[in-house]
Structure formats: C-alpha cells, structure tokens
Amino acid sequence: MKLKSLQLINFRNYEDLKLIPSETLNLFVGKNAQGKTNLIESIAVSISGSSFRTSKNAEMIELGNKSSNIISEIEKKGRLEKRSIYIDSSGIKHSINGKITTLKDFTKSSAAVIFKPDDLYIIKNSPSDRRRYLDDIISNLDSIYRYNLNSYKKVLYEKNKALKVNNNDTLLDIYDRQLSKFASEILIKRLNIIKILESYAKEYYKTLSGCDFKITYLSTINLKKTREELVEEFLNALRSRRHIDKRKLYTSIGPHRDDIDFKINDKSVKNFGSQGEIRSSILVLKLAELKYILNVLNITPVLLLDDVLSELDSTRRDALLTSIEGIQTFITSTNSEIIDSYIDDNSKVFMIENGKYKEIK
C-alpha cells in the first residue's frame, strides 16, 4: 500500500495542508515544535484510524476550531481508495469512497509501522509498556484480538470494582469464568505473535551483531497446550488466589499482569543490556514487525520514523535504512544530513515550519 495524497484541515497546528508524497522516501525536516510529529500522526491516523499519541479527540483539533478532517488517497493492490476521517468532540467518523464505515473495515488490509522515541525505552520501562507495545501490534492488525482485549479489560474493571464493594463469591465466579475465556484467547494470540516476531528478530540481530536474540513471555499462570486446558488453568488460578485478591482488592494474575523479557545471549536486556544493546533490540523488533506484516499478512505497510534516527549510531541507522527497500517511508528529523546518502531522485524532502511546508527536493 502507498499513501498517494494527504489533506489536513484544522488538524493540530495545520489549518489547511495538501501533500503529495514520494512513494519511496519522504523526509520532514525542521526545528522542534514546528509540526513534524503532527504530520506523522496524521498519516498514522489516516491508515490505522486512531492516534498513537492521544485518546483525546480534542487534542487533534486545531485550537479555536470544533472539528478536524484528514482526507487521503491510499493505493492498495492497484486500487485507489479515498479516505476521510472527521474528528470532533463526539468521536471519530471514518469513511471510504464516500461511505461511512466501521473502524474494523477502515483498517482492513492497511498497516503502518511506527518507530518513535518512546519506543527506545520500552525495554527499560514498566511491564505495562511492554504489554501495550505487543497489544498495539496485534490490535492494529486483528480486530478479534482487539475485541477480546477490550472485553477482558471491561470484565476486569467490573470484577475489581466488586472486590472493593461486596466480595460476593457468586458474582466473582461469573466474572472469573468470563475472564478465563477472554484471557485464554489473548494469551494464545500473544504467544503466537511473539514466536513469529522472535524468529525474524533473531535473524536481524544475528546479522547486526552476531549475537543470539530471544523473546520470553512471562505469564502469571501456567501456560497449557490447548485452549480448553488454558481456560481451566486460568479459572483454577483465579479461584485459588481469590482470598489474596479479596485482601488486595484487585485481580493479581492474568494477561494484565504479564511481562515480556528480551534476551541477548540468554541475558536479560532489561537487567544487563547496554544502551547500544537496548537500541539494537528495539530496532530488530521494529524490523521484525515490518517483516511480519509483509510476509504473514501480505500487506506492504507504510513506515513512520519519528525523530529516532539521531538516537541510533551509524551502524544501526544503516541497518534500518537498508532494510526498507520498497517500503514507503516517512522520516522526521532536525538534521537532514543523517540520511543524505539515502536521498535519491525519487525521494522528497519537505521543510516544515509553523504548520506549513516547503518542498526543497
């Protein structure tokens, strides 16, 4: 897939912008706080239907206005798709070729891989950040997983509320059965995706440094082979810990408490990794995500690199940029020199200043 055109109306600091990008490499260059990340965000929204920066719609609307529009043309498998996203205080409306559509249909056969500064800290941050990283990858590509995850969170919220209010065992039994069902689906999908991502990341890391790379899922329950066994295991674990959860007033086990460990030569990157190893780990994970979408889902994603290249040394930067041939890529930077050698006649460079742009190449 390729982004053929983009129009922003009252989006963030863009009052009215029309952009025709290159189908290969696009560089948004300029000083900080000029709107480079806002452009990356708008492209992501035009593809995934939601923002990776905020869940508050008002933040995507230019100050002084009540609504915002993102209008785009995306080419998918030789067919041109006209998309529109309307944002106001009530929510986000998606349409394709003039027809209002669901988020599920809007994101079908569409994908973007986003590499942003915060991603460099996923490994060192809390388990919730690592879970969110994995959940975002899966949810953006699998509507069933997104449904199961949202359903699990809703039931979990109600159960925790019940633990704080009345501790009624009959009601808690109902919640535990529901949680077991949704949790098993979440765990099966997480483990499957991790296995695929690990196989790709292992290959990239071996090329980058010659070391072995592993991803280990740290579950709060014993993982079983079949779906039925997993449901039963989780249900029994919830019941066995109920007396503890009643005392703590929250559910202490489940996918919402799990973690992910990344290892280089069998040593945890979180506990023992250098800054270079942490950056390398995130880099190969992003490349693995890209390869997963390409090979497994047969979708050519759009790649969005928001101000991260300056954080990578030249070796890692070269590894990334040489691995994205054939991928439409959008890069933000305060310094165009870091990728000058990769800019060719098909590339475009845009100078961004105060919500406006000037094409300089």
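The table below lists the values:
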read-out: 0 to 90° range, to nearest 10: angle between helix 275-295 axis and the chain longest Cα axis; value: 90
read-out: Modelled FRET efficiency - R0 22 Å, ALA58 with LYS82, Cβ distances, 0.05 increments; value: 0.25
read-out: Computed over the range 242-303: relative contact order in percent, which uses C-alpha pairs under 8 Å that are six or more apart; value: 13
read-out: Neighbourhood charge, 15 Å Cβ-Cβ cut-off, centred on ARG227 and excluding it, Lys, Arg +1 and Asp, Glu -1; value: +1
read-out: Span from the the range 114-156 Cα centroid across to the the range 310-327 one, whole angstrom; value: 25
read-out: Two-site label geometry, GLN275 and LEU171: point separation in nm, points 7 Å out along Cα→Cβ; value: 5.1
read-out: Helix 169-209 vs. the chain, principal-axis angle (Cα, 0 to 90°, nearest 10); value: 50
read-out: Relative packing of 135-147, 200-212, 335-347, which averages over residues the other C-beta atoms within 10 Å, highest first; value: 135-147, 200-212, 335-347
read-out: Percent RCO, i.e. relative contact order, over the chain, from Cα pairs under 8 Å lying at least 6 residues apart; value: 26
read-out: Distance from the range 220-260 to the range 1-67 (C-alpha centre basis), Å; value: 41
read-out: Accessible-area composition of the range 124-298, carbon plus sulfur, in percent [1.4 Å probe]; value: 49
read-out: Packing rank of 124-134, 31-41, 233-243, where each peptide gets the mean count of other beta carbons within 10 Å, highest leading; value: 31-41, 233-243, 124-134
read-out: ILE196/TYR147 FRET efficiency (R0 22 Å; Cβ-Cβ; nearest 0.05); value: 0.55
read-out: Distribution of pairwise C-alpha distances over the range 1-122, 5 Å bins, in %; value: 2, 10, 21, 25, 21, 13, 6, 1, 0
read-out: Of LYS124/LYS181; LYS31/LYS116; LYS206/LYS286, those spanning more than 20 Å from alpha-carbon to alpha-carbon; value: LYS124/LYS181
read-out: Per residue, in Å², the accessible surface of the range 124-298 once ligands and nucleic acids are set aside, probe 1.4 Å; value: 49
read-out: Net +/- balance of residues flanking ASP88 in space, Cβ distance below 15 Å, scoring K and R +1, D and E -1; value: +2
read-out: Environment charge at THR334 (Cβ cut-off 11 Å; Lys +1, Arg +1, Asp -1, Glu -1); value: 0
read-out: Solvent exposure, largest accessible area first (probe 1.4 Å, DNA, RNA and ligands not counted), of ARG317, ARG83; value: ARG317, ARG83
read-out: Added length on full extension, which subtracts the Cα-Cα distance from 0.36 nm per residue, ILE96 to ASN65; value: 8.7 nm
read-out: Structure-derived Rg/Rh (Cα atoms, Kirkwood Rh) - corresponding label in [x] 1.00; [y] 1.08; [z] 0.95; value: [x]
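The values are calculated or read from the model by the stated rules, or taken from the named source; none is laboratory data. Only a predicted model underlies this, so the values are computations on that prediction, with no experimental measurement involved. Quick reminder, even Gly has a Cβ in these numbers, built from the backbone with ideal geometry, and neighbours come from all protein chains shown. Surface areas here come from the heavy atoms of the whole protein model, side chains and all, with no ligands, DNA or RNA. Shrake-Rupley method; radii C 1.70, N 1.55, O 1.52, S 1.80 Å.
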